[in-house]
Amino acid sequence: MIVTLSRQDLSLCKQGATLRWQLARLSGVVNQRKDKNRSDQDLDMLGLMAELAVAKVFSIKHNPFQMGVDDGSDMYLNNISIDVKSTFYPTGKLLFKSKASFKSDCAVLACKIAKNQINVAGFIPRSIFLDKAIEINLGHGKGWAIEQKQLMQLGKLWETSVKQTLK
């Protein structure tokens with residue numbers, strides 16, 4: 001599902017991204033960036049754009065100025081924890097540094113397709129990722145990945161969240 005972000009959305013993401021990386025460096029949090037061709041600002045901006053796009057798809061209230069280290073979840077859809085993963089590549093893969101770093105109930109992949117557009121490509125439950133992910137190296141070290149074609153449709157995540165709410 002393609003989400004177009006407004007100028008205001010992009011401005012909030014830019015402010016939030018700047019705040020995040022500046023606070024991290026000032027707090028002594030070690031930079032773990034693998035992609036040396038992009039800045040902390042670039043990566044945090046993409047991450048916030050992706051989070052905002054996912055929040056819009058599911059009508060989740062999202063605060064780009066949320067501070068502190070998260071528990072592996074970026075947001076919740078009712079009682080389902082979501083880790084939003086983003087990529088600069090329209091055909092990019094859903095990646096985790098390690099299987100142990102996948103801590104949420106599911107992950108949603110969001111791909112940048114234009115300056116102000118994000119394709120929220122699909123989701124995968126943690127258990128399925130752990131079973132089907134393959135170890136790869138895209139030039140920045142080893143990690144675990146799932147191809148977009150292996151992701152589930154977003155409607156299934158919405159359906160699951162509604163069923164849990166009705167219980």
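The values are calculated or read from the model by the stated rules, or taken from the named source; none is laboratory data. Remember, predicted model here, so these are calculated numbers, not experimental data. Backbone-built Cβ (ideal geometry, glycine too); neighbour counts: all protein chains shown.
Some points to look at:
- Residues (under 14 Å from TYR89 (Cβ atoms), within 14 Å of the chain's Cα centre (by Cα) and touching a residue at least 40 places away in the same chain (Cβ under 8 Å)) located in the range 112-133: LYS112, ILE118, ASN119
- Subset tally (residues that are more than 30 Å from ARG38 (Cα to Cα), among the basic types (Lys, Arg) and either touching a Phe, Trp or Tyr at 6+ places or on another chain (Cβ under 7 Å) or part of a helix (DSSP H, G or I) (or both)) for the range 121-167: 2
The rows are residues; the columns are (1) touching an Asp or Glu at 6+ places or on another chain (Cβ under 8 Å); (2) of a type in the set (A, V, I, L, M, F, W, C); (3) modelled with pLDDT of 95 or more.
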{"position": "ASP74", "(1), (2), (3)": "yes, no, no"}
{"position": "VAL108", "(1), (2), (3)": "yes, yes, yes"}
{"position": "GLN117", "(1), (2), (3)": "no, no, yes"}
{"position": "HIS140", "(1), (2), (3)": "yes, no, no"}
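- Matching option when the condition is surrounded by fewer than 21 Cβ atoms within 10 Å (Cβ to Cβ), over 12 Å from the mean Cα position of the chain (by Cα), closer than 18 Å to ARG20 by Cβ and of a type outside the set (S, T, N, Q), among PHE65, PHE58, PHE88: PHE65
- GLY122 vs. criteria surrounded by fewer than 15 Cβ atoms within 10 Å (Cβ to Cβ), closer than 17 Å to ALA55 by Cα and out of contact with any Ser or Thr (no Cβ under 8 Å at 6 or more places or on another chain): no
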